[in-house]
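The numbers here are math on the coordinates, done by the rules we state, and not lab data. Since we're looking at a predicted model, the values are computed, not measured. Glycine also receives a Cβ, built like all others from the backbone with ideal geometry; neighbour counts cover every protein chain displayed.
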């Protein structure tokens with residue numbers, strides 16, 4: 001190995017990975033060979049090399065670059081181990097933007113569904129992080145379900161040795177959490193209640209990634225046809241969102257359940273090693289997965305939730321983008337009628353890689369799948385309470401694509417800042433202004449959409465209105481408001497939900513508390529009432545998009561929901 005680390009070579013690689021001029025491949029390969037043989041002096045420089053390898057694997061110059069990056073990534077854990085043996089500080093590997101690299105450890109408090117999946121996926125390699133876990137009274141509330149006589153200690157003693165109770169029940173002093181998790185799996189309760197009980201314990205788990213495929217380093221996939229870049233990457237300024245959305249809708253291919261399970265497994269791996277969890281990436285429905293191939297090595301996967309885990313009012317879609325088989329972002333879209341809120345996060349490693357064009361393709365797929373004409377981005381995505389988004393200038397990413405602020409005072413601030421940028425070429429928006437701009441939603445409306453209709457809408461407003469109504473008229477009793485709202489709405493709609501399935505009845509209960517707030521519901525036509533009944537029952541249909549599309553066709557229901565939520 002080289003005796004002196006070529007720091008300048010690493011900087012050159014970071015810069016030249018975005019260049020695709022003729023002859024660039026040879027330069028890239030030469031740098032990869034030198035850096036691949038180098039001894040890295042610290043974690044920070046090794047992480048920088050890792051991120052460059054991932055980018056080059058996703059945006060390769062040619063077949064030789066793919067082969068070389070794959071070889072280096074497959075053996076990358078050896079470099080991490082070599083650095084550890086030198087006694088170097090490994091703390092940088094624990095940072096969120098660098099987590100999940102082969103050869104490192106991870107520790108997190110995982111939700112029940114992910115914890116159960118991980119212990120099954122990596123048997124014997126996951127442990128309870130006892131040095132960061134001191135169970136308390138919450139175990140005394142939950143533990144008696146699977147530890148006999150625990151109540152006699154937990155309910156009356158001040159010094160209950162919680163860990164000893166767990167170890168005695170497991171039969172050994174073993175930090176493997178599999179026994180504990182299996183006890184919750186075996187409970188005769190609905191899945192959401194099992195999750196609620198387990199999550200209350202907040203058990204930290206630790207696992208060693210080794211050279212597993214469940215790492216950022218190796219969770220890319222081989223693809224039949226790789227797209228090689230021979231020219232400049234698509235710059236965001238060259239992307240016209242109106243033109244992209246006006247194109248012919250992409251073809252969405254529904255996958256088999258087995259293929260869908262592989263996709264849901266992939267997104268769980270992708271999110272796990274980045275210390276991220278979304279409701280839809282944890283609980284995706286394998287039978288709902290669709291795929292779109294958009295060219296340039298891009299494949300977008302989208303899915304919804306299983307009927308028993310759906311949201312009460314909105315329809316939910318999550319997704320993942322692969323670039324030449326490499327996961328480069330995740331997607332979340334939650335909608336009602338023709339409106340959706342979209343979350344789009346490009347992983348740190350790929351921030352310089354055609355994000356504007358790929359985002360446009362994501363919106364093409366979502367609009368086609370969900371029937372959307374009004375797209376909203378919530379403040380967190382723009383930087384509200386999100387330093388990463390502020391640092392990346394996320395607000396301008398959306399603004400330059402054509403989004404507008406929903407608040408007039410913020411829109412005026414945007415326009416003043418744009419004038420400043422036009423007048424002073426090197427002007428950069430101050431952080432304090434970016435934080436102000438991130439205080440409100442931004443919107444993009446397709447042709448034919450009612451401008452401004454959803455600017456002040458939030459399903460939270462509907463929920464709070466229902467709860468205020470419950471407090472005022474039902475003394476805060478949720479069972480009473482559900483029972484009496486259901487009785488009143490069933491009478492108006494002329495239906496007896498008791499003969500419906502459990503999931504259909506749950507859907508009716510949720511929507512009834514909202515419908516009961518519509519003052520003129522009884523005056524709706526028979527056709528409008530029948531259409532509402534269909535919407536309620538379809539909410540638990542295997543394809544949740546049917547529910548969303550039906551809400552788009554019911555003008556009177558849309559009008560009522562907008563009024564309640566604005």
Diffusion coefficient in µm²/s returned for the stretch 7-98 by Stokes-Einstein, Kirkwood Rh over C-alpha pairs, 25 °C and 0.890 mPa s, is 181
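Please report the relative contact order for the stretch 268-426, taking Cα pairs under 8 Å with a sequence separation of at least 6, and give it as a percent rounded to a whole number.
Values: 190 pairs, mean separation 19.9, N = 159.
Once normalised by length, the contact order is 12 percent.
Between residue 293 and residue 145, what FRET efficiency comes out of the Förster formula 1/(1 + (r/R0)^6) with R0 = 60 Å and r the beta carbon distance, rounded to 0.05?
The pair residue 145/residue 293 has a calculated efficiency of 0.80.
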With r as the distance between the Cβ atoms of residue 451 and residue 500 and R0 = 41 Å, compute the FRET efficiency 1/(1 + (r/R0)^6) and round to 0.05. 0.60
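Kirkwood hydrodynamic radius, computed over distinct alpha-carbon pairs, for the stretch 404-495: how many Å, to one decimal? Could you put the intermediate results ahead of the total?
Details: mean 1/r = 0.0576 Å⁻¹.
Kirkwood hydrodynamic radius for the stretch 404-495: 17.4 Å.
What number, in percent, do you get for the relative contact order of the stretch 459-565 if the mean sequence gap of Cα pairs under 8 Å and at least 6 apart is divided by its residue count?
On the way: 81 pairs, mean separation 30.4, N = 107.
Over the stretch 459-565, the number comes to 28 percent.
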Note on the chain: contact order normalised by length, alpha-carbon pairs under 8 Å, 6 or more apart, percent, works out to 12
Along Cα→Cβ, 7 Å out, is where each label goes; now give me the distance between the ones at residue 407 and residue 256 in nm to one decimal. 5.2
For the chain, count all C-alpha to C-alpha pairs, find those more than 45 Å apart, and express that count as a whole percent of the total. 24
I'd like the distance separating the alpha-carbon centroids of the stretch 119-181 and the stretch 277-344, in whole Å. 36
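Return the calculated 222 nm mean residue ellipticity for the chain, to the nearest 500 deg cm²/dmol, obtained by summing -39500 (n - 2.57) across DSSP H runs with n ≥ 4 and dividing by the residue count. Don't skip to the answer; put the middle values down first.
Details: 26 runs with 270 residues, N = 566.
So the helix-based figure for the chain works out to -14000 deg cm²/dmol.
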If a/c stays under 1.5 just call it rounded; otherwise compare a/b with b/c (prolate if a/b is bigger, oblate if not). Do that for the stretch 212-362, with a ≥ b ≥ c from the square roots of the Cα gyration tensor eigenvalues. oblate
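When you count, for each residue, the other Cβ atoms within 10 Å and take the mean per peptide, how do 426-433, 229-236 rank with the highest first?
Peptide ranking by packing, descending: 229-236, 426-433.
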Projected onto their principal axes, the Cα atoms of the stretch 459-565 stretch, largest extent first, over whole-Å spans of 36, 30, 25
Please give the residues of the stretch 506-525, grouped as numeric ranges, whose backbone N is less than 18 Å from a label point set 7 Å along the Cα-to-Cβ vector of residue 534. 508, 524-525
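Find, to one decimal place in angstroms, the Kirkwood hydrodynamic radius of the stretch 71-141, where the mean of 1/r is taken over every pair of different Cα atoms and then inverted. Please list the in-between numbers first.
Working: mean 1/r = 0.0677 Å⁻¹.
Final number for the Kirkwood radius of the stretch 71-141 is 14.8 Å.
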Report the gain in length on full extension from residue 71 to residue 138: 0.36 nm times residue separation, minus Cα-Cα distance, nm rounded to one decimal. 19.4 nm
